[in-house]
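Structure, as structure tokens:
Derivation of every value follows stated rules applied to the coordinates shown; laboratory data play no part. Nothing here was measured: the structure is a model prediction, and the numbers come from that model. Counting neighbours? That spans all protein chains shown, and the Cβs are built from the backbone with ideal geometry, glycine included.
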Amino acid sequence: MRFSLGIRKNRFLAAALLGASVLTSAGVVSALPAAAGASSTPGSESGAESVLLKGSTKASYFWDDSSGRAGDTGLPASGKPMQKGMIASPSWPLLTEGYVVYKGKKAKFFVGDRGPGVPSSSGVMIDLDAKTFADLTGGTFNSDTLGVDGNGGMGHIKVDYVITKWGNGVGKKNYPVPFSAGAWGRMDSNPATPPQVVNK
């Protein structure tokens, strides 16, 4: 962009605008978790998402708000409060971001907790938050029981998942493995090779 100001004023104005935009962008991106509904992966210039891993698995649901009700085990491992869009993973790094798809419905997530525990040994590799599980299955979240009502009693569903950003901490940056494997406690410096994505 060309300004009709002197060279000094032009440089000062350009530097001020650049600094303000960087600060604003950094503040906005860091303030928005994956669940906030951003349309693209942070850092993406074109608005296209980075697909780092794709797969499918069984998903259950949970809601741990430290109330001690209905098997609640306390605050999530990430230190973030229980919220819509949070999932528990037995092996992915905390704060990993992505989305699940169930019967054409898409829901963004971020990994905020560890689990499921024993069910992950039977192939249940994602614990969705109960509100998202209710939305995907046509049920309603029951704040008294912390469960899902009105979906025909479904407690497990098969979902497709897409990882768009890996968390920086410990955990396996690849297909999920059971909690008992202990991958949630080891640093993985060799993430999965991103799948080939064909643009149509």
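Compute the FRET efficiency between Ala192 and Ser66 as 1/(1 + (r/R0)^6), taking r as their Cβ-Cβ distance and R0 = 30 Å, and round to the nearest 0.05. With R0 = 30 Å, the Cβ-Cβ based efficiency is 0.35. On full extension, the segment bounded by Ser121 and Met154 gains 9.9 nm, given 0.36 nm per residue less the C-alpha separation. Placing +1 on each Lys and Arg Cβ and -1 on each Asp and Glu Cβ, with no other charges, gives segment 80-164 a dipole about its Cα centre of roughly 220 debye. Taking label points 7 Å from Cα along the Cα-to-Cβ direction, Asn168 and Lys80 give a separation of 1.4 nm.
In the neighborhood of Ala183, defined by Cβ-to-Cβ distances under 13 Å, what is the net charge if each Lys or Arg adds +1 and each Asp or Glu adds -1?
Result for the neighbourhood of Ala183: +3.
Taking a ≥ b ≥ c as the square roots of the eigenvalues of the alpha-carbon gyration tensor, segment 73-149 is classed rounded because a/c is under 1.5.
Identify all lysines with a Cα-Cα distance to Lys108 below 22 Å; exclude those on the same chain that are fewer than 8 residues away in sequence. Filter leaves Lys54, Lys58, Lys80, Lys84, Lys131, Lys158, Lys165, Lys172, Lys173.
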